[in-house]
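S.K.: First the structure, which I've put down as structure tokens, then a few questions once you've had a look.
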Amino acid sequence: MLHLTTGRVGCLLSKQAVVALTSSGARMSSHGHHEVSDSVDMSQPMYWDRLDTPLPDRPWKDVLDSTDKSLKQKEKGPWTALSKEEKIALYRLKFNHTYPEMKRPSHEWKTVIGGMFIFFGITGLVVFWQGHYVYPPQPHTFGEEWQAKQIQRMLDMRINPIEGFSAQWDYKNKQWK
Amino acid sequence: MFRAAVRLSVSGARSLTRPQLGLTAPLAQRCYAHGGKLESDEEFDARWVTYFNKADIDAWELRKGMNTLIGYDLVPEPKILEAALRACRRLNDLASAIRILEAVKDKSGPHKKIYPYLIQELRPTLDELGISTPEELGMD
């Protein structure tokens, strides 16, 4: 299934993937599962929190101290004998985030919208500066006097007299309709 | 795809599984492309119950089964989940059992009635094996 392979590849792209160091070598620590650092051994089973992959390849905490080990021993017996705290501890040994924790909303959207507006603002400043310093002077045909003469000439020529320009001019009273 | 989307949009605590199309191989959820016959709901459920009921199931098979099952466009029937929880018990893995419950709650999506129904159906198994739900442990 495509989604199973993307589970492997997708974890690299997923922002919520927590890529842990493996338990080999001197870099290990019992809770030593931090964000991706300089090198992660991708040939070892990896842990990730994904909604569509409830059981990742590796438990979250795979270096167990003696209390964890004794808890794991107790897990082999009837689970009715475990207290709530012990059950929670067992869960936290195996998994990093619970589903609600995985689904917690982030404040990222504020950063995105804010960044957007900042860039709009910078662009606006650039456009304004450009209008002031870069554009050449306007052609003389844009002047008030020229425009007035142009309009009068258009009316004299009866431009679009039926539906358009001159149709809006009341020739008898010399004003716009 | 459309049929799956329509079915999932029909809310109702009873309509849990959807007919799956394909061969008996667990991964083949494609449709009639090869001309195979449609697998019924019961066959699908039976296949998965058998998978998890394997007496000497190992941890990898449990993980693979659960991850595949969660990948499908359906919420598994209580009997499949019961078999999976019992497999967790054989593997002495309480954490995965709780994780499975969380996962199916997430799979129900906006259909809020499915998860309480599942818990209700699984209640005897949960009590027998001593599995607490995430809600009982305060993890929600």
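S.K.: With the requirement that a residue be open to solvent by 100 Å² or more (accessible area, probe 1.4 Å) and assigned to a loop (DSSP other than H, G, I, E, B), what does the range A:121-167 give you?
M.R.: A:Tyr135, A:Pro136, A:Pro137, A:Gln138, A:Met157, A:Arg158, A:Ile162, A:Glu163 - these are the residues of the range A:121-167 that are open to solvent by 100 Å² or more (accessible area, probe 1.4 Å) and assigned to a loop (DSSP other than H, G, I, E, B).
S.K.: (1) under 24 Å from A:Lys69 (Cβ atoms); (2) more than 14 Å from chain A (Cβ to nearest Cβ): which one isn't true of B:Arg99, the others all being true?
M.R.: (2)
S.K.: Restricting attention to the range A:66-77, which residues are at the interface with chain B (Cβ under 9 Å from one of its Cβ atoms), open to solvent by 40 Å² or more (accessible area, probe 1.4 Å) and over 41 Å from the mean Cα position of the chain (by Cα)?
M.R.: Of everything in the range A:66-77, just one residue is at the interface with chain B (Cβ under 9 Å from one of its Cβ atoms), open to solvent by 40 Å² or more (accessible area, probe 1.4 Å) and over 41 Å from the mean Cα position of the chain (by Cα), namely A:Lys76.
S.K.: Here's a follow-up. Given (1) within 13 Å of chain B (Cβ to nearest Cβ); (2) farther than 24 Å from B:Asp127 by Cβ, where does A:Val112 come up short, assuming only one miss?
M.R.: (1)
S.K.: Still on this structure: Only one of A:Gly32, A:Gly25 is on the phi > 0 side of the Ramachandran plot, more than 12 Å from chain B (Cβ to nearest Cβ), out of contact with any helix residue (DSSP H, G or I) (no Cβ under 7 Å at 6 or more places or on another chain) and at pLDDT below 90. Can you tell me which?
M.R.: A:Gly25
S.K.: Cβ-Cβ distance below 8 Å, separation of 6 or more or different chains: which pairs start in the range A:78-92 with a residue that is within 8 Å of chain B (Cβ to nearest Cβ) and more than 11 Å from A:Asp68 (Cα to Cα) and end on one that is of a type in the set (Phe, Trp, Tyr) and surrounded by fewer than 20 Cβ atoms within 10 Å (Cβ to Cβ)?
M.R.: Final answer for the pair search is none.
S.K.: I've got another one for you. In contact (Cβ under 8 Å) with a residue 24 or more places away in the chain, more than 11 Å from chain A (Cβ to nearest Cβ), out of contact with any Gly (no Cβ under 7 Å at 6 or more places or on another chain) and buried (at least 18 other Cβ atoms within 10 Å of the Cβ): which single residue out of B:Ser108, B:Ser132 fits that description?
M.R.: Matching residue, one of B:Ser108, B:Ser132: B:Ser108.
S.K.: Taking B:Leu126 as the residue in question, decide whether it is outside any loop (DSSP other than H, G, I, E, B), under 24 Å from A:Ile88 (Cα atoms) and touching a helix residue (DSSP H, G or I) at 6+ places or on another chain (Cβ under 7 Å).
M.R.: no
S.K.: Of all residues in the range B:46-96, how many are open to solvent by 10 Å² or more (accessible area, probe 1.4 Å), of a type in the set (Val, Ile, Thr) and within 12 Å of another protein chain (Cβ to nearest Cβ)?
M.R.: Within the range B:46-96, residues that are open to solvent by 10 Å² or more (accessible area, probe 1.4 Å), of a type in the set (Val, Ile, Thr) and within 12 Å of another protein chain (Cβ to nearest Cβ) number 0.
The values are calculated or read from the model by the stated rules, or taken from the named source; none is laboratory data. What you see is a predicted model; the values in this text were computed from it and never measured. Glycine also receives a Cβ, built like all others from the backbone with ideal geometry; neighbour counts cover every protein chain displayed. For accessibility, only protein heavy atoms count, side chains too; no ligands or nucleic acids. Shrake-Rupley method; radii C 1.70, N 1.55, O 1.52, S 1.80 Å.
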